[in-house]
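Values in this text are rule-based calculations from the coordinates and carry no lab data. Quick caveat: nothing in here was measured; it's all calculated off a predicted structure. When we count neighbours, we look across all protein chains shown, and the Cβ atoms used for this are built from the backbone with ideal geometry, even at glycine.
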Amino acid sequence: MKLTASLKILGSFLLCILGRPLFSQQEGTMYFMNSLPQVVYGNPAMIPKYKFSLGLPGSSVFVLYSNSGFSYNDVVTKTSGTVSADLPKLYSKLQSKNYITNAVQADLFRLSFKLNPRIYFSFNVTAKFYNRLMIPKDLTGLAINGTVPFIDGTATLSPKVESVGYVESAWGVSYAVNKDLVIGTRIKMLKGFANVTTESASLDISLNNDYTITAAAGLDSKSSGTHNF
């Protein structure tokens, strides 16, 4: 299978536009994996099989990526064993508003242990970041098709963003009532350290036959903690 130069160009384009890597969702796959002490993050009514666990900074990292706009097959075309980028195909599959969602979390500290065969305690401090970006179809179309399709029309180009970063401290306990029943609970304290939210944003560009451009823009956003960076 050959990788054409156009596919490399597309990869660079997506990295510039999206700025995020692609990873699978790990939290869902480990819901019943009692071999991992982190199983209690998603299911507090579990008792991991290990008696003691200690996690130092970075010992547990989760990354999530999802998008509502396209899949891999919407980006490429396969012809005679050759895979090539198909940007017009990508553009045709996009919605008017396309959402890119990514989340990252990393343990700063984790401690868990069995008090006895029936009682399991856990404590963790975890840094979490969530980001949701809305990209209008017209913005991608401007990069793929140029300005010609927008002659005597209006293009909506303004993206929107919702980002939040916070530290979660959680205390949990699980209790095995019998061999068929385990109950558990987790208490969390959240402390935010950064937030950026676009309340409203507009960037509309009108292109006339003589290629004169009329633009109208407006932005209303809120942020906190960004001075930390």
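Counting other beta carbons within 10 Å of each Cβ, put ILE187, ILE205 in order, fewest first.
Listing ILE187, ILE205 from fewest to most nearby Cβ atoms yields ILE187, ILE205.
State the label only: which of [x] 20.1; [y] 17.4; [z] 21.2 corresponds to Kirkwood radius over Cα pairs in Å computed from the shown model?
[z]
Report Rg/Rh for region 155-229, rounded to two decimals, where Rg is the Cα radius of gyration and Rh the Kirkwood radius.
Radius of gyration over Kirkwood radius for region 155-229 works out to 1.40.
Full extension from TRP171 to PHE121: what is 0.36 nm times the residue separation minus their Cα-Cα distance, to one decimal in nm?
Length gained, TRP171 through PHE121: 17.2 nm.
What number, in percent, do you get for the relative contact order of the chain if the mean sequence gap of Cα pairs under 8 Å and at least 6 apart is divided by its residue count? Don't skip to the answer; put the middle values down first.
Values: 500 pairs, mean separation 38.0, N = 229.
Value for the chain: 17 percent.
I need the calculated FRET efficiency for the pair MET189 and ASP220, taking r as the beta carbon distance and R₀ as 41 Å, to the nearest 0.05.
0.85
Rank the residues THR126, THR197 as a footprinting-exposure proxy: fewest other Cβ atoms within 10 Å of their Cβ go first.
Listed from fewest to most nearby Cβ atoms, that is THR197, THR126.
Starting from the Cα of LYS222, draw a straight line to each of the lysines and keep only those under 27 Å, dropping any in the same chain fewer than 8 residues away.
Candidates past the 8-residue exclusion: LYS97, LYS128, LYS137, LYS160, LYS188, LYS191.
Output wanted: per-residue J couplings in Hz (rounded whole) for region 168-184, from phi through Karplus 6.51 cos²θ - 1.76 cosθ + 1.60, θ = phi - 60°, x for Gly and Pro.
9, 10, 9, 10, x, 9, 10, 9, 8, 5, 7, 5, 10, 9, 10, 10, x
Which of TYR175, SER71, LEU133 sits closest to the plus end of the dipole of the chain, meaning its Cα is farthest towards the positive end, when Lys and Arg get +1 and Asp and Glu get -1 on the C-beta?
TYR175
Would you mind checking the radius of gyration and Dmax of region 94-229 based on alpha-carbon positions, in Å?
So, for region 94-229, Rg and Dmax equal 24.1, 80 Å respectively.
Please order VAL75, VAL40, VAL161 by the number of other Cβ within 10 Å, starting at the fewest.
Details: VAL75 18, VAL40 24, VAL161 15.
The fewest-first ordering by Cβ neighbours comes to VAL161, VAL75, VAL40.
Hey, what's the Cα Rg ratio for region 36-150 versus the globular rule of thumb, 2.2 N^0.38 Å?
Here the answer is 1.68, to two decimals.
Per the helix-only calculation at 222 nm, which mean residue ellipticity applies to the chain, given -39500 (n - 2.57) for every DSSP H run of n ≥ 4 and division by its residues, nearest 500 deg cm²/dmol?
-4000 deg cm²/dmol
Collect residues whose amide H, placed 1.01 Å from N in the peptide plane, falls under 5 Å from the amide H of ASN43; neighbours closer than 5 in sequence don't count.
none
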